[in-house]
Amino acid sequence: MTHSTADRMPAPQPSALATRLDFAQALARRCGELALREAAGLQISSKGVHDVLTQADLAVERLIRQEVAQAFPGDRVIGEEMGGQEAVEADGDCWLVDPIDGTANYATDIPRWCISIAWLQAGQPAVGVLFDPVLNRLYSAAAGSGAWQDGRRLTARTTDRLAGATVELGWSTRRTAQQYLGRAAALLTAGAAFTRRGSGALGLADVAAGRCDGYAELHINGWDCAAGVLLVSEAGGRVNPFFTNQGIHSGGLLVASTAGLYDALLALMTDQ
Ligand code: LIP
């Protein structure tokens, strides 16, 4: 039997998201290897109080930008260290990257930091990849295709009460000590335990992986959380409309948790 060309279906072309997902996963691993190499003899500078920069942050972001330009010419990149926001509309398409999230941990040899790479379409995370080189854990998500860690499907917890919950409360000097302490007190008063471990991205990965019930921060930047919020939503958790509210350009309040905890945690974080 002969087959006409019409009978031979073309091989299914990977979707644009699948292509970018595969690219980001391989790149995140290369970035992690670079960061591990750069850790020896680290040069550390300060961007401000409790805000450090290392030459590794810059080297990793340069690698990301170089690889994106080669693989996807014309794609816009916004990065924590080299910016790029001015070229991207709030509802635009871009790569949003944090070359090393948890830089203070990285700079002091505390083993909790990661590479965060996200691809946004129409201003919303569509592909998210985190690589934790210390534990060799690769987290990935594409919109509508679930959240994964090293090939294992991730599912957020079903916790629906603050009493007994564990929440990571991210901190920076971008909000006042009184504001932070007020939220910490409210969590403790509600019977929740709180922690702060210095990497918003890995805090979000823990929510997606069912290791923590929520991650909240009064102000976080888009590059810190773009990949992590997609992991949480694809793992069945809930996230506030961070990227609808100018998340690309100005950052802001982030609440990400199990579906059952979301309303209570959002109320606690927004209660003046
Ligand atoms: C960190 C964030 C974290 C925040 C830290 C710091 P960086 O990002 O992931 O949420 O609480 O202060 O901003 O600066 O290490 O990339």
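Looking only at residues in segment 179-203 that are open to solvent by less than 20 Å² (accessible area, probe 1.4 Å) and touching a residue at least 60 places away in the same chain (Cβ under 8 Å), which one is farthest from P111 (Cα to Cα)? I'd like the intermediate steps shown before the answer.
Taking segment 179-203 as the starting set, the residues that turn out to be open to solvent by less than 20 Å² (accessible area, probe 1.4 Å) are 184, 187, 192, 199-203.
Keeping just the survivors that are touching a residue at least 60 places away in the same chain (Cβ under 8 Å) gives 187, 199-202.
Values: L187: 26, S199: 11, G200: 14, A201: 14, L202: 11 Å.
Top of the filtered list is L187.
Mind listing whichever residues of segment 214-257 are in contact with a strand residue (DSSP E or B) (Cβ under 7 Å, 6 or more places away or on another chain) and hydroxyl-bearing (S, T, Y)? Those that are in contact with a strand residue (DSSP E or B) (Cβ under 7 Å, 6 or more places away or on another chain) and hydroxyl-bearing (S, T, Y): Y215, S233, S257.
Looking at the structure I just gave you, is G102 under 12 Å from the mean Cα position of the chain (by Cα), under 21 Å from S172 (Cα atoms) and either within 16 Å of the ligand (Cβ to nearest atom) or surrounded by fewer than 24 Cβ atoms within 10 Å (Cβ to Cβ) (or both)? Working first, answer last.
Numbers: under 12 Å from the mean Cα position of the chain (by Cα): yes; under 21 Å from S172 (Cα atoms): yes; either within 16 Å of the ligand (Cβ to nearest atom) or surrounded by fewer than 24 Cβ atoms within 10 Å (Cβ to Cβ) (or both): yes.
So G102 passes the test.
Taking the criterion of being in contact with a Leu (Cβ under 8 Å, 6 or more places away or on another chain), open to solvent by 10 Å² or more (accessible area, probe 1.4 Å) and touching a residue at least 60 places away in the same chain (Cβ under 8 Å), the residues of segment 204-224 that qualify are A209, W223. Restricting to segment 225-272, give me the number of residues that are assigned to a helix (DSSP H, G or I) and open to solvent by 40 Å² or more (accessible area, probe 1.4 Å). The qualifying residues number 9. Restricting attention to segment 234-266, which residues are touching a residue at least 24 places away in the same chain (Cβ under 8 Å) and small (G, A, S)? Hits for segment 234-266 are A235, G236, G237, G247, G251, G252, A256, S257, A259, G260, A264.
Scan segment 159-178 residue by residue and report those that are touching a residue at least 40 places away in the same chain (Cβ under 8 Å) and either more than 10 Å from the ligand (Cβ to nearest atom) or in a loop (DSSP other than H, G, I, E, B) (or both).
Kept after step one, since they are touching a residue at least 40 places away in the same chain (Cβ under 8 Å), are these residues of segment 159-178: 159-162, 165-175.
Within segment 159-178, T159, D160, R161, L162, A165, T166, V167, W171, S172, T173, R174, R175 qualify.
Filtering S140, S145 for residues that are away from the ligand (no atom under 14 Å from the Cβ), farther than 18 Å from G200 by Cα and modelled with pLDDT of 95 or more leaves a single hit, S145. Can you find even one residue in segment 7-22 that is modelled with pLDDT under 75, assigned to a helix (DSSP H, G or I) and either out of contact with any Lys or Arg (no Cβ under 8 Å at 6 or more places or on another chain) or open to solvent by 50 Å² or more (accessible area, probe 1.4 Å) (or both)? Yes - at least one qualifying residue is present in segment 7-22.
The values are calculated or read from the model by the stated rules, or taken from the named source; none is laboratory data. Predicted model, so just to flag it, every value in this text is computed and none were measured. Every residue, glycine among them, receives a Cβ derived from its backbone with ideal geometry; neighbour counts consider all protein chains shown. When the accessible area is computed, the model is the full protein with side chains, heavy atoms only, and any ligands, DNA or RNA have been set aside. Shrake-Rupley method; radii C 1.70, N 1.55, O 1.52, S 1.80 Å.
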